[in-house]
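First up is the structure itself, then whatever we jot down about it.
The values are calculated or read from the model by the stated rules, or taken from the named source; none is laboratory data. In this text the structure is predicted, and so the values were computed from the model without any measurement. Virtual Cβ from ideal backbone geometry, glycine too; neighbours counted across all protein chains shown. Surface areas here come from the heavy atoms of the whole protein model, side chains and all, with no ligands, DNA or RNA. Shrake-Rupley method; radii C 1.70, N 1.55, O 1.52, S 1.80 Å.
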Amino acid sequence: MSRKRPNALVRLAFFVEHHAEAWGWRIRRKLGLAGRPRILPYRGYGTNGQAVIKARVLENRHVRPPWKRHTLLGSAIASWKRYMTVEIPHARLVARWGEHRWEGTTDEEGFLELWVSPPEGLKSGWHDVELELLSPASQGVERVRTPVLVAGPEAEYGIISDIDDTVIVTNVTNFLKRTWTLFLTEHRTRLPFEGVDAFYEALHQGRSGSANNPIFYVSSSPWNLYEHLDEFLGLHRIPAGPLLLRDWGLSRHGFAPGGGHGHKLEKIRGVLGTLESLPFILIGDSGQEDAEHYRTIVREFPGRIRCVYIRNVWHHSGRERELALIAEDIRAAGSQMLMVDDTVTAARHAASQGWIRWREVAEVQAHQQEDAQARSLLDKLDREPG
């Protein structure tokens with residue numbers, strides 16, 4: 001499916017904005033007013049045959065680390081700095097992976113996406129690639145290591161999961177609550193859905209217990225929240241995986257947010273096209289368009305999708321009828337879709353299909369109970385005066 005071409009007005013607006021920002025940064029740099037560039041590494045992925053190295057080059061806004069932010073104002077300032085980025089287009093970088101070396105250039109929004117052939121003989125799992133800025137003004141810019149996930153032959157399947165209201169409670173159907181969640185909360189004060197960490201770890205381990213199944217996370221959240229979301233996954237011991245997010249604002253493809261969540265389809269197609277030997281399990285929620293997108297994927301990749309799990313987060317009679325019809329379509333296409341109210345239900349089904357070990361179901365149930373108690377305690381503290 002081709003991306004809809006934006007109209008001439010959008011293309012003109014992007015051209016004007018892009019060149020104005022680029023010239024503005026160059027002028028401030030010459031006057032000594034611009035901050036140094038910063039390389040922000042993103043998690044890449046691939047196989048022994050091909051892999052993508054991802055990063056972004058931005059003006060360093062010196063966002064304070066989480067342990068130095070103690071107030072709501074501090075969180076708001078950090079969020080503002082994340083969103084008010086100054087991208088550095090056409091920056092040149094060198095990537096070093098073992099003895100291999102490649103050069104790449106960022107696009108108009110400062111993104112680097114460099115497809116390479118990895119060194120031979122790599123084991124499955126995470127590998128660090130060193131990135132160094134060549135231009136502009138590389139002096140004093142730290143080299144960074146960006147992780148790349150290599151899926152090996154022992155993998156039994158891959159997992160693609162939505163984030164918003166699938167892993168994290170974000171209330172994406174409520175604009176005001178979503179705004180609060182995105183701008184004014186820290187990853188340390190947010191909780192995942194109960195039992196998600198244990199369930200995703202069980203899927204990661206697979207039936208053998210050592211499958212090292214790759215996990216990917218897709219979201220309508222902007223790339224500006226990458227560090228926030230990555231820190232959240234690490235804090236709650238949810239298996240790490242490449243985050244496939246959305247570029248907010250004006251781009252050559254149009255304006256976002258807006259226009260639905262079709263960008264998720266593009267990201268999912270890219271993953272399945274790269275890891276073409278693997279079947280997949282897809283996980284989403286009922287609040288957005290996950291089921292509709294997953295139905296499209298099941299049809300486009302026949303025989304590749306083992307199951308679609310949809311978490312019930314929004315009970316509405318009309319929506320439930322729609323989801324029932326989508327489930328029928330997915331079954332007709334040769335896969336299955338399961339509506340679940342909690343993580344344990346999904347884990348039991350996965351175990352019955354032989355995708356995870358039965359002993360992991362008890363672990364998921366224990367984590368679900370612990371998480372429910374923690375959420376209840378936080379809710380109680382929030383209600384207490386003072």
Query raised in the report: How about the range 320-343: which of its residues are assigned to a helix (DSSP H, G or I) and open to solvent by less than 40 Å² (accessible area, probe 1.4 Å)?
Result: 323, 326, 327, 330, 343
Query raised in the report: In the range 209-225, what residues are modelled with pLDDT under 95 and surrounded by 19 or more Cβ atoms within 10 Å (Cβ to Cβ)?
Result: 219, 220, 221, 223, 224, 225
Query raised in the report: Considering the range 299-319 alone, what residues qualify as being out of contact with any strand residue (DSSP E or B) (no Cβ under 7 Å at 6 or more places or on another chain), surrounded by 14 or more Cβ atoms within 10 Å (Cβ to Cβ) and modelled with pLDDT of 90 or more?
Result: 299, 300, 301
Query raised in the report: Out of curiosity, is residue 116 open to solvent by less than 20 Å² (accessible area, probe 1.4 Å) and either at pLDDT 95 or above or of a type in the set (Asp, Glu) (or both)?
Result: yes
Query raised in the report: Looking at (1) open to solvent by 40 Å² or more (accessible area, probe 1.4 Å); (2) at pLDDT 90 or above; (3) farther than 15 Å from residue 158 by Cβ, which is the only condition residue 346 fails?
Result: (1)
Query - First in the range 355-375 and under 24 Å from residue 281 (Cα atoms), second anywhere and of a type in the set (Ser, Thr, Tyr) and open to solvent by 50 Å² or more (accessible area, probe 1.4 Å), Cβ under 9 Å, 6 or more apart - result: 357/208; 358/352
Query - Pairs with Cβ under 7 Å, 6+ apart, first in the range 144-161 and of a type in the set (Phe, Trp, Tyr), second assigned to a strand (DSSP E or B) - result: 157/280; 157/281; 157/306
Query - Residues (at pLDDT below 65 and either of a type in the set (Ser, Thr, Tyr) or under 17 Å from residue 365 (Cβ atoms) (or both)) located in the range 174-208 - result: 179, 181, 185, 189
Query raised in the report: Which one of these does residue 276 not meet: (1) outside any loop (DSSP other than H, G, I, E, B); (2) under 26 Å from residue 242 (Cβ atoms); (3) of a type outside the set (Lys, Arg); (4) open to solvent by 50 Å² or more (accessible area, probe 1.4 Å)?
Result: (1)
